[in-house]
Amino acid sequence: MYMGYALNMICASCGEAAFSRKEHMIMYSKVLSGLVQGVDGTLISVESDIHDGLPVMNMVGYLSSCVREAGERVRTALRNSNFNLPPKRVTINLSPADIRKEGTAFDLPIAVGILASMGIIPTENINNILILGELGLDGHVNSVNGVLAVVHCAYLNGIRRCVVPLANAGEAAVIEEMEVIPVTELSETVEYFQGIRAIEPEYADVKAMLEENSYGDAGDFAEVLGHETLKRGVEIAAAGMHNILMTGPAGAGKSMIAKRIPTIMPRLTLDESIEITKIYSVAGLLREGQSIVGVRPFRSPHHTISLHAMSGGGRIPQPGEISLAHGGVLFLDELPEFGRNVLEVMRQPLEDGVVNISRLNGIYRFPAEFMLVAARNPCPCGQFPDMNKCTCTVNQIKHYNSRISKPLLDRIDINVDVRKVDYTDLFEGRVGTGSAEMRERVLTAQEVQRRRYENDRIRFNSQLDSGMCSRYIKLGSTEKDFMEYCFEQMNLSARGSYRVLKIARTIADIDGDTDVNEKHLKEAVFFRNADSQGGV
Amino acid sequence: MSDEYLYLWFGMISRLTHTVKMKIAMKYGGIRGLWGVPENILKEELTDIQAGAILEHRCEKDILEYENRLKERKIKYIYPGHECYPDRLYDIPDPPMLLFAVGDIDVLKCHVPTVAVVGARKASLYGRSVADRIASDMVRAGVTVVSGMALGIDGVAHRAALREKGQTIAVLGCGINVPYPRENYDIYHDIGVSGGVILSENGLDVQPEAFRFPYRNRIISGLSDGVLVVEARKRSGSLITADQALEQGRDVYAVPGRITDAASEGCNNLIRMGAVCVTSGADILDELGIRTCREKRFNKNLLAPIEKKVYSCVRLESRHVDDICLEAGMTVSETTQVLFELERKKLVKQLVRNYYVRV
């Protein structure tokens with residue numbers, strides 16, 4: 001044991017064994033670490049101080065029990081890495097002290113901080129370096145969740161170097177100007193800080209990763225036959241990120257179409273990708289070795305999902321399905337089978353694009369800008385409006401339809417009824433519109449929107465508010481007459497007519513027209529069509 | 001005690017069916033006789049339920065109070081001998097002794113041809129569009145449309161009549177102030193304010209119960225010169241109305257359906273048994289002996305070429321927009337724009353979302 005002491009505990013300032021002379025003992029050190037709140041990181045400084053007194057280790061700073069346990073882990077890990085704690089009073093403070101500290105990422109910074117206070121690591125070597133990692137009792141550095149969020153936050157605060165567990169290094173390396181030092185052992189980390197070991201920084205070719213992540217094996221729209229109306233609806237929906245509801249008999253091809261929607265959406269930009277990766281990193285859903293989410297998410301939760309799994313929740317809030325679908329598609333098959341409260345919880349996020357979850361320790365904000373794609377049967381037996389096959393009573397159909405509340409339906413821009421394809425559609429060898437063709441139109445429309453909304457805080461037509469509507473959707477006199485006609489003759493509500501305008505804006509963008517004119521409005525009215533629901 | 005109040009009292013008894021009430025009244029020499037029978041005799045000779053129902057309101061105070069309640073709600077009542085009591089009801093086997101009415105009761109006095117339109121509550125799109133066409137054709141020719149304000153065909157017929165600003169009579173199976181079914185509250189309201197009349201044999205707050213509807217049906221057929229059955233399954237309430245129409249000596253018309261359609265089985269059976277097969281409003285008007293100058297059919301050559309093309313792909317039977325696009329050989333975007341224009345010109349219509357039919 002003494003050998004280990006002699007080997008490692010060399011005082012950084014004079015080269016002599018530490019504690020041999022009291023005046024060389026450095027008492028105080030400060031290390032930078034961080035934690036995740038919601039999906040955003042917050043920087044935490046870990047202060048440690050060693051001075052005379054009864055040999056105990058005190059940890060303060062509004063700690064949860066898993067952080068408190070870090071003390072035991074660190075003490076043992078230090079010992080097993082051949083560092084002995086001096087028989088003195090060790091105080092650790094995690095500040096700011098008003099944020100509740102959760103998670104296991106503080107083990108490594110605490111260990112480094114203590115070693116710096118003991119004088120084993122020169123304090124100047126740990127300045128402005130973010131340190132994250134959980135320690136095993138043997139001194140092994142284990143991976144933690146939410147690394148990207150914290151590293152991103154540190155980057156925004158001007159930090160340019162971080163030390164993270166090897167398993168999380170890929171994720172952290174996504175931030176391009178950050179020097180990411182992957183570590184596996186405590187002793188290795190100490191040597192790195194002492195300057196006696198060099199560690200190659202992790203590098204990730206993010207551009208290549210985004211390029212290489214293809215659309216996967218989701219299939220092509222060309223394989224979907226005989227649903228040209230729905231495909232047009234989907235195209236418009238994807239172009240303006242509008243929500244869409246498909247109604248149709250079982251086996252008509254609703255799910256098949258939904259699965260293909262990501263294939264016509266534009267590739268992720270780096271910013272979007274980081275945003276999504278942060279969410280997946282917090283949720284611990286990044287696969288081993290995966291550093292970035294490069295494909296638009298496609299989430300299709302089963303209808304038995306609970307409210308908290310949908311919206312996000314838990315004692316320490318975790319992102320729910322609506323956040324995991326951020327930037328992509330949330331597909332709800334069999335919409336009326338979902339619990340009513342599960343559906344209602346989506347109302348506010350559908351409007352605002354974020355979900356706020358309040359807990360004792362504060363309000364957690366998760367982004368939730370997703371495209372809602374929902375599918376349902378027209379009635380419990382699925383055959384309506386074919387009265388020869390439909391065996392449901394009028395009341396059953398009404399009851400079934402009433403399971404989805406009006407306010408939720410109101411937030412769905414595009415409604416399409418799907419019919420069962422017939423034999424000729426399937427086997428007469430016609431080829432439908434393919435993904436590539438649709439994607440091209442979607443990309444054109446999104447590019448137009450990107451340029452138009454450059455100075456606004458929105459990205460897509462579906463996010464236009466009423467003020468922006470009048471700014472960006474200029475109607476001529478013919479179009480105004482048309483809207484008046486719709487308003488009066490078709491019982492369009494105020495909200496309904498805004499929705500029509502937004503869809504018309506997207507259609508005009510697809511067609512490459514600067515102004516919204518009557519033909520776009522006509523098509524928009526056709527696709528909005530929320531009120532002529534079922535003929536019962 | 002005036003006749004008026006006696007009839008009203010008799011109508012207030014809602015816990016017994018019409019048949020039972022009439023049987024008891026006959027036993028004691030009519031309604032006036034029943035009014036005078038001492039309580040102990042009724043209790044002895046009738047069942048507890050029957051005696052209870054008859055004695056419940058047998059005092060003048062109750063009747064006056066009831067009349068006030070009717071007045072507050074602007075509900076009138078007519079009885080045999082009343083100037084507005086429809087003549088047609090005098091010659092049916094069991095005419096109602098009292099009818100509560102909301103709306104314009106003078107409608108009942110008019111001697112205009114009257115046709116009942118009945119059919120399935122769960123009607124197909126075909127049944128709906130046919131009912132709508134025939135009802136509006138008839139209303140335009142001045143025929144009053146009678147129906148039962150139920151879901152499906154009944155509602156379509158009433159709505160067509162209201163839309164064409166014609167006369168329509170709704171006969172309810174529940175209480176006069178109970179707009180059932182809820183979905184047709186608009187009809188209940190519109191008839192009340194726009195020149196039609198709502199009738200019911202049942203007084204205030206009587207809830208819809210299955211046994212009341214067959215009695216309602218005899219009034220529907222009784223009020224009309226003929227009964228049109230648009231869509232009926234093999235065992236359907238509409239067939240009860242048709243049976244009663246035959247008993248009352250009214251004509252029965254039926255709209256044929258495809259032989260494989262379960263929803264039209266009842267209608268096809270009626271035709272086989274001798275009902276008049278009807279394919280347009282004009283067929284019924286001919287039967288009723290009303291001469292119509294045939295309306296100028298609209299000329300489809302007046303449409304723009306593209307509209308003509310799309311219009312020719314829309315059928316009388318509803319079609320999904322996918323099929324229309326396919327047949328017209330146009331993109332979805334173009335087709336929907338043209339369909340909107342045709343819809344605006346009232347040439348086609350969406351019965352259910354995305355399914356179009358010719359008007």
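Numbers below:
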read-out: Ranked by how many other beta carbons lie within 10 Å on average, peptides A:491-503, A:367-379 from highest; value: A:367-379, A:491-503
read-out: Shielding by other protein chains, B:123-133, mean Cβ within 10 Å; value: 2
read-out: Cα-projected label distance for B:Leu316 with A:Ile316, points at 7 Å along beta-carbon direction, nm; value: 7.1 nm
read-out: GNM result for chain B, Cα springs below 10 Å: residue of B:Asn68, B:Asn202, B:Asn40 fluctuating most strongly; value: B:Asn40
read-out: Degrees, to the nearest 10: A:518-528 long Cα axis against longest axis of chain A; value: 70 degrees
read-out: Peptide A:223-232 - average C-beta neighbours from other chains (10 Å radius); value: 4
read-out: Cα-centre dipole for the protein assembly as shown with unit charges at Cβ (Lys and Arg positive, Asp and Glu negative), debye to 20; value: 1560 debye
read-out: Per DSSP, loop GluC sites (Glu not before Pro) in segment B:151-260 with at most 12 further Cβ within 10 Å; value: B:Glu209
read-out: Test item: B:318-325 mean partner chain Cβ contacts at 10 Å; value: 5
read-out: Label point at B:Thr17 placed 7 Å out along Cα→Cβ; residues across segment B:211-249 whose backbone nitrogen lies under 15 Å; value: B:211-219, B:240-241, B:244
read-out: Chain B: calculated mean residue ellipticity at 222 nm from DSSP helix runs of at least 4, using -39500 (n - 2.57); value: -13000 deg cm²/dmol
read-out: Peptides A:340-351, B:83-94, B:124-135 ordered by average Cβ neighbours within 10 Å, highest first; value: B:124-135, A:340-351, B:83-94
read-out: Aspartates and glutamates whose Cα lies under 14 Å from that of A:Lys259, excluding same-chain neighbours fewer than 8 positions away; value: A:Asp217, A:Asp220, A:Glu223, A:Glu235, A:Asp333
read-out: Neighbour-count ranking [beta-carbon atoms within 10 angstrom, fewest first] of B:His111, A:His140; value: B:His111, A:His140
read-out: Chain A, helix-only ellipticity at 222 nm - DSSP H runs n ≥ 4, -39,500 (n - 2.57), divided by all residues, nearest 500; value: -11000 deg cm²/dmol
read-out: Taking A:Leu230, A:Leu148 and counting other C-beta atoms within 10 Å, the order from fewest to most; value: A:Leu230, A:Leu148
read-out: Nearby lysines by direct alpha-carbon distance to A:Lys101 (threshold 30 angstrom, same-chain neighbours under 8 apart not counted); value: A:Lys30, A:Lys88, A:Lys278
read-out: Residue order, fewest to most surrounding Cβ atoms within 10 angstrom, among A:Phe526, A:Phe106, A:Phe487; value: A:Phe487, A:Phe526, A:Phe106
read-out: Within a Gaussian network of chain B (alpha carbon springs, distance under 10 Å), most fluctuating of B:Pro80, B:Pro208, B:Pro305; value: B:Pro305
read-out: Long pairs among A:Lys254/B:Lys346; B:Lys109/B:Lys345; A:Lys231/B:Lys349; B:Lys23/B:Lys234; A:Lys519/B:Lys122, criterion Cα-Cα beyond 29 Å; value: A:Lys254/B:Lys346; B:Lys109/B:Lys345; B:Lys23/B:Lys234; A:Lys519/B:Lys122
read-out: Loop sites in segment A:61-147: GluC sites (Glu not before Pro), DSSP, at most 14 other Cβ within 10 Å; value: A:Glu69
read-out: Segments A:301-309, A:180-188 sorted - mean Cβ within 10 Å per residue, highest first; value: A:180-188, A:301-309
read-out: Nitroxide proxy distance, nm - points 7 Å out along Cα→Cβ at A:Arg89 and A:Asp422; value: 9.0 nm
read-out: Whole-number percent relative contact order across chain A, with pairs defined as alpha carbons under 8 Å at least 6 apart; value: 13 percent
read-out: Cβ-Cβ FRET estimate between A:Val60 and A:Met256, R0 fixed at 45 Å, reported to 0.05; value: 0.20
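Computed from the coordinates by the stated procedures, all read-outs in this text should not be read as laboratory data. No experiment lies behind these values; they were computed from the predicted model shown. With ideal geometry, Cβ positions are generated from the backbone for all residues, glycine too; neighbour counts draw on all protein chains shown.
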